[in-house]
Amino acid sequence: MNFEHTEDRRMLADTLNRFISEQYGIEARNKIAYGAEGHSPALYAQFAEIGAIGALFPEEEGGFGGKGLDISVVFECLGRGLVAEPILGALVVGRALILAGTAAQKAALAGIAAGECIAALAHDEPGSHYELENVSTAARKEGEGWIINGSKGVVGFGGKADLLLVSARTAGCAGEAAGISLFLVPGDAAGLTRRGYNRFDGGRAAELVFEDVNVGAEALLGRDGEGCAVLERISGYALLALCSEAVGAMDVAKDQTLEYLRTRKQFGVPIGSFQALQHRMAELVLEVEQARSAVINAAAAIDQDDRATRERALSAAKYSTGSIGSLVAEESIQLHGGIGMTWELPMAHYAKRLVMIDHQFGDEDHHLARFIELGRQA
Amino acid sequence: MDLQFTAEESAFREEVRAFLKARLPAALARKVRNNLHLSKEDMESWHAVLNERGWLANHWPAQYGGPGWGAVQRFIFENECALADAPRLVPFGINMLGPVLIKYGSDAQKQHWLPRILDGRDWWCQGYSEPGSGSDLASVKTTAVRVSDAAGDHYIVNGQKTWTTLGQHANMIFCLVRTDKDVKPQQGISFLLVDMKTPGVEVRPIITLDGEHEVNEVFFTDVKVPAENLVGEENKGWTYAKYLLTYERTNIAGVGFSVAGLERLKIAADRMQYKGKPLSQDPFFAARMARVEIDLENMKTTNLRVIAAAADAAAADAAAAGGGVPGAESSMLKIKGTEIRQEIFSLMRRAMGPYAAPYIEAARDLEYGEPLVGPQEAVSAAAAYFNHRKLSIFGGSNEIQKNIISKMILGL
């Protein structure tokens, strides 16, 4: 038993943290994240250069990491810096290529890892509400290729992504795991309409409408109708990444709130001397440690073969960081008082991100129910 | 980072499991599992079994009869004992007084008292709380006045202690007493060892809300205590008292107890019927069980992290006493650990439905020969739930733990 990160991971974290603090400070970040593009192409390329994306993939696939803890370390740093770059898309699409891609399909990995190709998972739909199997978008065979019709919702950086990983039903009906297939679709495919918009917490997303989008046979990733298992695995990576990002963001919100309690004076004394506030802060701090433990458990479980063990740990972590993330956001705002309500205060943007993470890949209720269901199946 | 135990640690766990399988009597485990009454002999017999194996005083250095374990081994041992439904050791001699004597006692005191703790000749109880000193422990009022006469130096002790757990079985009590009233409260306290058979010591039971006799009041009227029973220096008792409290909080998370309790709860919830299905399939009940299960999974890792950090600190500073006892972080473990345990007791009570209400005290004896009213778990579900409300009160209430976190970890 040992809870120390390896030297390599500590160096990676140091490099990332230094880069973020120099290039991605909160003012710069807010300009980027709330700007028209929602991220910085120049800085994204630099993130790739210092290894933030390569660390997400194993060596045999051209990366230099790829273990649960590598992903966790990277995203915790991104969370500390509130980084709004399309790295989550790179992770999930990259892992899908590794899991199910042919040699030709995997060629796209190099561009993703280099930050030259922005990739996005187009899976959620306007009515799917976190349900993995609830896919209505359909693909029908036409000659050698496929024709895709349907809608995808809140696709991260879907408006400018070069490469979309699209889930579509080739058999069965919405709600069934069987019959879901995955397709690699270029962002500029004919018949694809993209409506991009800003996210509340910074960054961009898009609604996508597929109208008779024609793709070739080589677009199918993995086996026809068996995409759901791949979706579950790549969603698992997304869960670990988001949970790690949340813990990074929690740490900063917590530290800034603690600093405020130490320095803000009312009635002639620092407000941190009031027991009513001390106890709320103490609770917050111990819950953050519980969230950190949940992420460690998830990182340790992600490469486990036993599905129930792996997926339960991931859902447990998402439930934990979801509920604790909201707690940290709400308490940090409350403990700051009025200033906590302002755009000017960095903490406020952490609070926004923490709450919005709960809305990605399933919220705390969704994952609590999933945790129960997986336990029943086991 | 590696969550798995090393080969050595796993081998140790197997050794503990084998020992428990061979030496923990099934009847005793059944009593513990079902929250039945434990007799004084039950507790003494388990104490003796552990002593025989050399695993009793697991915090003590080897030279005083401890097994020489590190923090991880202690955790594994405590955890396995809880999972096997071993009785909780009466901690006052082994886990509380022992470490204080080892650090602050004279050679004569160590030689005299430590072997008697190990072999069970002395049953110690704790004279800390008073009617006016609960969370504000430094306000103790029980007095000890030093006198000299022909028989030598003595203290004359007057006052009252309370919440004295299992004091009815004890022959010795360690007390915080006031030896100087004219200084700051913390500076006038001494640490005194008192023979409970001395004239003027009177033990009166306190019956708790579950009808049990677990705690007592102890009255001292002109009790004559030999001066050699003073531990360390006069008026330095607060330092020793605080040192003792850090040991009181080890294993405070009680992860093993919670794991065992959750297993029992799941079995009960699968068996109890609600709306024609097992209660465990009711969405609301299932959600409450899942929440506590996730909290517990997180807690296990938090506990291991704290232990690993303490072990690292001990390794870095070999001279540090205690061999890796966690500091203020144990306050976090105490709060969350007790919340989890209490929630499990609460869910077990709920799981019993109307059968939480019937209470036949005699059914809490293993020898009870009548048919039970309701399921086995119902015999003690309400009593165990109420009894364990103490978890968030004793050992420094959870609110006091938050004060400690604020001061020691957050610097507020």
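Derivation of every value follows stated rules applied to the coordinates shown; laboratory data play no part. All of these numbers come straight from a predicted model, not from anything done at the bench. Don't worry about glycine lacking a Cβ; one is built from the backbone with ideal geometry, like all the others, and counts go over all protein chains shown.
Could you tell me which residue out of B:V90, B:A253, B:I405 lies farthest along the dipole of the protein assembly as shown toward its positive end? Charges go on the beta carbon: Lys and Arg +1, Asp and Glu -1, centred on the Cα centre.
It is B:V90, whose Cα lies furthest towards the positive end.
Report the label-to-label distance for A:D14 and B:A151 in nanometres (one decimal), using points 7 Å from each Cα along the Cα→Cβ vector.
Going from the A:D14 label point to the B:A151 one covers 6.8 nm.
Can you compute the equivalent ellipsoid semi-axes for segment A:1-144, i.e. the square root of 5 times each eigenvalue of the Cα gyration tensor, sorted largest first and rounded to whole Å?
28, 20, 16
Work out from phi, with θ = phi - 60° and the Karplus expression 6.51 cos²θ - 1.76 cosθ + 1.60, the ³J(HN,Hα) of each residue of segment B:143-151, listed in order in whole Hz, and give x for Gly and Pro.
In residue order, the calculated couplings are 9, 9, 10, 7, 9, 10, 9, 4, 7 Hz.
Any chance you could check the Cα centroid distance between segment A:129-196 and segment A:233-249 for me, in angstrom?
Computed from Cα coordinates, the inter-centre distance equals 23 Å.
Please list the non-local residues whose amide H lies under 5 Å from the amide H of B:E130, H modeled 1.01 Å from N, same-chain partners needing a gap of 5 or more.
Those qualifying (amide H under 5 Å, at least 5 residues apart or on another chain) are B:T162.
Of A:L277, A:L88, A:L239, which has the largest mean-square fluctuation in a 10 Å C-alpha GNM of chain A?
In this elastic network of chain A, the residue with the biggest mean-square fluctuation among A:L277, A:L88, A:L239 is A:L277.
Let me check against my output: what whole-number percent is the relative contact order of segment A:119-223, with C-alpha pairs under 8 Å and at least 6 apart?
31 percent
How large is the convex hull of the C-alpha atoms of the protein assembly as shown per residue, in Å³?
Taking only Cα atoms, the protein assembly as shown has a hull volume of 174 Å³ per residue.
Applying 1/(1 + (r/R0)^6) with R0 = 56 Å to the Cβ-Cβ distance of B:I360 and B:R116, what FRET efficiency is obtained, to the nearest 0.05?
Between B:I360 and B:R116 the formula returns 0.90.
Under 5 Å between amide hydrogens, which residues at least 5 positions from A:L220 or on another chain qualify, with H placed 1.01 Å from N in the peptide plane?
A:L184
Can you work out the FRET efficiency for the pair A:E7 and B:E367, with r the C-beta to C-beta distance and R0 = 56 Å, to the nearest 0.05?
Computed FRET efficiency for A:E7 and B:E367: 0.35.
Work out how much length B:K407 to B:A29 would gain on full extension: take 0.36 nm times their residue separation and subtract the Cα-Cα distance, in nm to one decimal.
Here the answer is 132.0 nm.
Rounded to whole Å, give me the distance from the Cα center of segment B:287-307 to that of segment B:192-219.
36 Å
Shape verdict for segment B:89-164, please, from the Cα gyration tensor: rounded (a/c under 1.5), prolate (a/b greater than b/c) or oblate.
oblate
Put one equal scatterer on each alpha carbon of segment A:229-377, apply the Debye formula with no solvent term, and list log10 I(q)/I(0) at q = 0.18 1/Å to two decimals.
After summing over all Cα pairs, the log10 values are -0.94.
Note down the Stokes-Einstein diffusion coefficient of segment B:120-227 in µm²/s, whole number, using a Kirkwood radius over alpha carbon pairs, 20 °C, and 1.002 mPa s.
151 µm²/s
Figure the gain on full extension for B:S135 and B:F386 (residue separation times 0.36 nm, minus the Cα-Cα span) and round it to one decimal in nm.
Contour length minus Cα-Cα distance gives 88.3 nm.
Determine which aspartates and glutamates satisfy two conditions relative to A:K160: a Cα distance under 19 Å, and not lying fewer than 8 residues away in the same chain.
Qualifying aspartates and glutamates at Cα under 19 Å: A:E37, A:E85, A:E116, A:D124, A:E125, A:D188, A:D201, A:E207, A:E211.
Considering every residue in A:367-375, what mean count of other chain Cβ atoms within 10 Å of its Cβ is obtained?
4
Just from its helices, what would the mean residue ellipticity at 222 nm be for chain A, if runs of 4 or more DSSP H residues each count -39500 (n - 2.57) and the sum is divided by every residue, rounded to the nearest 500 deg cm²/dmol?
-16500 deg cm²/dmol
Sticking to Cα atoms, compute the Rg of chain B to one decimal and its Dmax as the biggest Cα-Cα distance, whole number, in Å.
My reading of the Cα-based Rg and Dmax gives 22.1, 80 Å.
Please compute the modelled spin-label separation between A:E344 and B:R53, points set 7 Å along Cα→Cβ, answer in nm with one decimal.
6.4 nm
Would you list the P(r) distribution for segment B:7-89, with all Cα-Cα distances sorted into 5 Å bins from 0 and each bin expressed as a whole %?
3, 14, 25, 26, 18, 10, 4, 0
For A:300-307, what's the mean count of beta carbons from other chains sitting within 10 Å of each residue's beta carbon?
Other-chain Cβ atoms within 10 Å of each residue's Cβ, averaged: 1.
Towards the positive end of the charge dipole of segment B:124-235, with charges on Cβ (+1 Lys, Arg; -1 Asp, Glu), say which of B:Q168, B:P185, B:G152 has the farthest Cα.
Looking along the dipole axis, the top candidate is B:P185.
When a footprinting reagent is the concern and you count Cβ atoms within 10 Å, what order do B:W123, A:W343 take, fewest first?
The fewest-first ordering by Cβ neighbours comes to A:W343, B:W123.
For A:R195 and B:K184, FRET efficiency with R0 = 60 Å and r from the beta-carbon atoms, rounded to 0.05?
0.30
Sorting A:C243, A:C117, B:C81 on the 10 Å Cβ count, fewest up front, what's the list?
A:C117, B:C81, A:C243
About the Cα centre of segment A:50-198, what is the dipole size in debye to 20, counting +1 per Lys and Arg Cβ and -1 per Asp and Glu Cβ, all else neutral?
In total the dipole reaches around 280 debye.
Could you list the residues of segment A:53-70 with an amide nitrogen less than 18 Å from a label point located 7 Å from the Cα of A:K106 in the Cα-to-C-beta direction?
Counting only backbone N, you get A:54-67.
Let me spell out the model: positive unit charges on the Cβ of Lys and Arg, negative unit charges on the Cβ of Asp and Glu, origin at the Cα centre of the protein assembly as shown. What dipole size does that give, in debye rounded to 20?
So the magnitude is around 1520 debye.
Partner chain Cβ atoms within 10 Å, averaged over the residues of B:330-336 - can you pull that number for me?
Taking all residues of B:330-336 together, the mean is 3.
How big is the antiparallel share of DSSP beta bridges in chain A, given as a percent to the nearest 5?
Just about 85 percent of them are antiparallel.
Report, in debye and to the nearest 20, how large the dipole of segment B:249-409 comes out about its Cα centre when Lys and Arg carry +1 and Asp and Glu carry -1 on their Cβ.
440 debye
Quick one: of B:K161/B:K236; B:K141/B:K407; A:K67/A:K352; B:K103/B:K390; B:K141/B:K236, which pairs are farther than 23 Å apart, Cα to Cα?
B:K141/B:K407; A:K67/A:K352; B:K103/B:K390
What is the distance, in nm, between label points placed 7 Å from the Cα along the Cα-to-Cβ direction at B:S106 and at A:A308?
Result for the modelled spin labels: 6.3 nm.
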